[in-house]
1. When the expected Rg is taken as 2.2 N^0.38 Å, what fraction or multiple of it is the alpha-carbon Rg of region 50-203?
2. Sort 147-155, 174-182 by the packing proxy (mean of other Cβ within 10 Å over each peptide's residues), most packed first.
3. Compute the convex hull volume of the Cα atoms of region 118-204, divide it by the residue count, and report the result per residue in Å³ as a whole number.
4. Near Lys144, within a Cβ-to-Cβ distance under 14 Å, what is the net charge of the other residues, with Lys and Arg +1 and Asp and Glu -1?
5. Under a cut-off of 25 Å between alpha-carbon atoms, report the lysines in cross-link reach of Lys113, not counting same-chain residues fewer than 8 places apart.
6. Taking 1 over the mean of 1/r across every pair of different Cα atoms in region 43-141, what Kirkwood radius in Å do you get?
7. How much of the DSSP beta bridge set in region 79-146 is antiparallel, as a percent to the nearest 5?
Amino acid sequence: MILPLFLSSIATAQDSQPVVGRDAAAKYFQPRDTASSSSFNTGGGPSDHYLALHFGRYMASQSYDWGKNGQEDDVGKNQFGVTYRVGEWYNSMDLLLRMDYSEFDVGGETPNKLSFVPMITFPDATSRFPLYFGAGAGLGVFFKQASGKSALSLDYQLIAGARFFNIFENTGFFIEAGLKNHLLILSSGQFNGTFLATGLVFTF
């Protein structure tokens with residue numbers, strides 16, 4: 001009679017002692033959902049993608065051997081664009097596709113073009129961190145070009161901005177600044193510009 005009571009009291013005391021060491025730490029390191037923990041994710045979850053619409057203005061710009069007058073200042077004008085996130089490196093950065101429509105005034109002519117620029121930005125949008133930075137390069141196609149100049153350009157951008165998600169349901173806004181430059185591919189000509197843009201960002 002005494003022995004079973006003694007053994008029962010020992011078992012109760014062992015169960016009541018706190019779990020320490022590896023077992024205690026394990027509960028703080030639960031595995032993430034495997035669908036969202038891949039190194040590169042193009043899944044369709046509600047937080048996996050966003051689309052941004054923007055309007056911007058070149059704040060300062062210079063062209064070199066593009067128009068009739070050699071070097072010119074303030075040739076960049078308005079710009080409109082859409083940016084779509086097509087994937088991410090999990091907990092790291094995003095892969096974006098940006099399409100920009102830009103207007104210029106070069107030597108009395110008014111070129112305009114559409115740019116297709118893949119970009120990498122960090123941190124990833126899923127983190128909801130408000131500040132972001134990025135860079136990208138791609139192809140520019142001129143719908144209207146200055147006389148005798150290439151209809152194709154190599155476009156490259158460096159950006160920094162702040163974005164605020166879900167201000168009204170799935171709609172937020174962002175503000176962005178940086179550099180948007182291009183080199184004409186099939187002729188001489190270069191453009192360097194700084195810009196400021198703002199717009200809406202939609203998560204889905």
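1. Dividing the Cα Rg of region 50-203 by 2.2 N^0.38 Å gives 1.07.
2. Highest-to-lowest ranking by the protection proxy: 174-182, 147-155.
3. In region 118-204, the Cα hull volume divided by residue count equals 104 Å³.
4. Details: positive: Lys77, Lys113, Lys149; negative: Glu103, Asp105, Glu109.
Once positives and negatives cancel, what remains is 0.
5. Leaving aside lysines fewer than 8 places away in the same chain, those within reach of Lys113 are Lys68, Lys77, Lys144, Lys149, Lys180.
6. 15.1
7. 100
Every number in this text was worked out from the coordinates using simple rules, so none of it is lab data. All figures in this text were calculated on a predicted structure; none of them were measured in a lab. Please note: Cβ atoms are built from the backbone with ideal geometry, for glycine as well, and neighbour counts cover all protein chains shown.
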